[in-house]
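Colleague: Before anything else, here's the structure in question.
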Ligand SMILES: Nc1ncnc2c1ncn2[C@@H]1O[C@H](COP(=O)(O)OP(=O)(O)OP(=O)(O)O)[C@@H](O)[C@H]1O
Ligand SMILES: [Mg+2]
């Protein structure tokens, strides 16, 4: 297997205060200059093998979508690099970027928001084909679109309808057809089933798994709950507040999770994952904010193993076994 995507030390920050006035604050009777910066992604590294489905998991606000949007080119990284097929995307010229957009497509969490409500389904699917000049004529593009719609389970006679005339699951199928229209190699799927009913989730996951085999696709599959990635991904990374805290194969993460946060995630979904860590309740404490990250381990205030070292020292990712890394000072000690 060769590597299709490599993310190297990726950082993504958003400056909230655009003007000088925004940056001025009144503090203890004096005016001070302070800029608020959202540290959404803080130096993450991982790679995806060709033909592999790699999972990125973590709770709301941990930076999953920001990572996805930066990989797909919707955000420019604050620092770090993204390599596609061994080539740095930062070093690509306009032509190479255009070609890259064809190779890498995204499936969004909310298919309704990502489909243009004023376009028919046929126009939604043919647009990228025509834009990338993948068909000689409109008729040829429409033929390809019909075949794609049929493949994802939308009857061709419904192609003249608009997105609001479909159910959530059908809209996600249309989103998948649009993403596949340009014959991409790599798909970033950002929580593609979280907005759907459980019964429909299974259908869409099965469709994604079948398409992966049929078209030799590679996936970066984002989810906030481990049960969704369990059946689809061969390796996964767990994110907490903009950092990867654990990464390994599906078996390593599910059978012997090392990081207390991964253990908590598994314990939080005992019925769905079949895994239960006795006595580990979810603490009600809030996460720290991305505007003011703590000096030490960000998970410290919710961790039952936390020691004084965890409050002051940021734990680095360390190998706990071959191909399995975890960022916890207590790795191997607890
Ligand atoms: N353009 C932006 N400007 C400012 N802050 C942003 C921007 N985009 C994201 N953020 C912040 O970055 C953090 C990470 O957001 P992100 O959407 O990546 O999280 P997520 O893991 O995808 O969460 P969810 O599971 O809710 O989708 C959040 O605190 C969010 O408010
Ligand atoms: Mg998100």
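The values are calculated or read from the model by the stated rules, or taken from the named source; none is laboratory data. This is a predicted model, so every value here is computed, not measured. Ideal geometry is used to build each Cβ from the backbone, glycine not excepted, and the neighbour counts take in all protein chains shown.
Colleague: With respect to residue 119, determine if the residue is at pLDDT 95 or above, away from ligand 2 (no atom under 16 Å from the Cβ), touching a helix residue (DSSP H, G or I) at 6+ places or on another chain (Cβ under 9 Å) and more than 24 Å from residue 46 (Cα to Cα).
Modeller: When the stated conditions are applied, residue 119 passes them.
Colleague: Of all residues in region 128-165, how many are on the phi > 0 side of the Ramachandran plot and in contact (Cβ under 8 Å) with a residue 24 or more places away in the chain?
Modeller: So the answer is 1.
Colleague: When you scan region 131-155, how many residues do you find that are touching a helix residue (DSSP H, G or I) at 6+ places or on another chain (Cβ under 8 Å), surrounded by fewer than 16 Cβ atoms within 10 Å (Cβ to Cβ) and part of a helix (DSSP H, G or I)?
Modeller: Within region 131-155, residues that are touching a helix residue (DSSP H, G or I) at 6+ places or on another chain (Cβ under 8 Å), surrounded by fewer than 16 Cβ atoms within 10 Å (Cβ to Cβ) and part of a helix (DSSP H, G or I) number 2.
Colleague: Now a separate question. Looking at region 46-71 only, could you name the residues that are more than 12 Å from ligand 2 (Cβ to nearest atom) and surrounded by fewer than 16 Cβ atoms within 10 Å (Cβ to Cβ)?
Modeller: 47, 49, 50
Colleague: Any idea which of 48, 57, 38 is more than 16 Å from ligand 1 (Cβ to nearest atom) and in contact with a strand residue (DSSP E or B) (Cβ under 6 Å, 6 or more places away or on another chain)?
Modeller: After applying the criteria, what remains is 48.
Colleague: Go through region 179-200 and give me each residue that's more than 16 Å from ligand 1 (Cβ to nearest atom) and touching a strand residue (DSSP E or B) at 6+ places or on another chain (Cβ under 8 Å).
Modeller: Across region 179-200, the qualifying residues are 179, 180, 182, 184, 185, 186, 187.
Colleague: Another one. Would you mind stating whether residue 97 is within 13 Å of ligand 2 (Cβ to nearest atom) and part of a helix (DSSP H, G or I)?
Modeller: no
Colleague: Kindly provide the set of residues from region 211-243 that are over 22 Å from residue 6 (Cβ atoms) and more than 16 Å from ligand 1 (Cβ to nearest atom), ordered by number.
Modeller: 211, 213, 214, 230, 231
Colleague: Say whether the condition of being more than 16 Å from ligand 2 (Cβ to nearest atom), loosely packed, with under 15 Cβ neighbours inside 10 Å and under 17 Å from the mean Cα position of the chain (by Cα) is met by at least one residue in region 72-87.
Modeller: yes
Colleague: Checking the structure you have, find out if any residue of region 238-250 is closer than 30 Å to residue 151 by Cβ, touching a strand residue (DSSP E or B) at 6+ places or on another chain (Cβ under 8 Å), assigned to a strand (DSSP E or B) and within 16 Å of ligand 2 (Cβ to nearest atom). Break it down into steps so the answer makes sense when it comes.
Modeller: As a first pass, look at region 238-250 and keep what is closer than 30 Å to residue 151 by Cβ: 250.
In the following step, the residues that additionally are touching a strand residue (DSSP E or B) at 6+ places or on another chain (Cβ under 8 Å) were identified as 250.
Adding the requirement that they be assigned to a strand (DSSP E or B) leaves none.
No; the residues of region 238-250 include none that is closer than 30 Å to residue 151 by Cβ, touching a strand residue (DSSP E or B) at 6+ places or on another chain (Cβ under 8 Å), assigned to a strand (DSSP E or B) and within 16 Å of ligand 2 (Cβ to nearest atom).
Colleague: Applying the selection to region 166-200, what residues are assigned to a helix (DSSP H, G or I), free of Cβ contacts under 8 Å to residues at least 60 places away in the same chain and closer than 24 Å to residue 120 by Cα?
Modeller: Within region 166-200, 168, 169, 170, 173, 177, 200 qualify.
Colleague: Just the residues that are in contact (Cβ under 8 Å) with a residue 12 or more places away in the chain and either within 16 Å of ligand 2 (Cβ to nearest atom) or surrounded by 21 or more Cβ atoms within 10 Å (Cβ to Cβ) (or both), please, taken from region 100-114.
Modeller: Of everything in region 100-114, those that are in contact (Cβ under 8 Å) with a residue 12 or more places away in the chain and either within 16 Å of ligand 2 (Cβ to nearest atom) or surrounded by 21 or more Cβ atoms within 10 Å (Cβ to Cβ) (or both) turn out to be 104, 105, 106, 107, 108, 109, 110, 111, 112, 114.
Colleague: Give me the pairs, please: first residue somewhere in region 59-75 and within 17 Å of residue 246 (Cα to Cα), second residue anywhere and more than 13 Å from ligand 2 (Cβ to nearest atom) and assigned to a loop (DSSP other than H, G, I, E, B), beta-carbon distance under 6 Å, and either six or more positions apart or on two chains.
Modeller: These pairs meet every condition: 62/241.
Colleague: Give region 112-126 a look and list any residue that's assigned to a helix (DSSP H, G or I) and either under 21 Å from residue 211 (Cα atoms) or in contact with a strand residue (DSSP E or B) (Cβ under 6 Å, 6 or more places away or on another chain) (or both), or say none.
Modeller: Looking only at region 112-126, we keep the residues that are assigned to a helix (DSSP H, G or I), and these are 112-114, 121-126.
The answer is 114, 121, 122, 124, 125, 126.
Colleague: If you don't mind, another one. Condition first: in contact (Cβ under 8 Å) with a residue 60 or more places away in the chain, under 14 Å from the mean Cα position of the chain (by Cα) and assigned to a loop (DSSP other than H, G, I, E, B). Can you find one or more residues in region 49-58 that meet it?
Modeller: yes
Colleague: Let me spell it out: the conditions are (1) farther than 16 Å from residue 223 by Cα; (2) within 15 Å of ligand 1 (Cβ to nearest atom); (3) in contact with a strand residue (DSSP E or B) (Cβ under 7 Å, 6 or more places away or on another chain); (4) not in a strand (DSSP E or B), and residue 90 meets all of them except one. Which number is the exception?
Modeller: That leaves (2) as the condition not met.
Colleague: Just wondering, is there one or more residues in region 23-44 that are in contact (Cβ under 8 Å) with a residue 12 or more places away in the chain, more than 29 Å from residue 253 (Cβ to Cβ) and assigned to a helix (DSSP H, G or I)?
Modeller: yes
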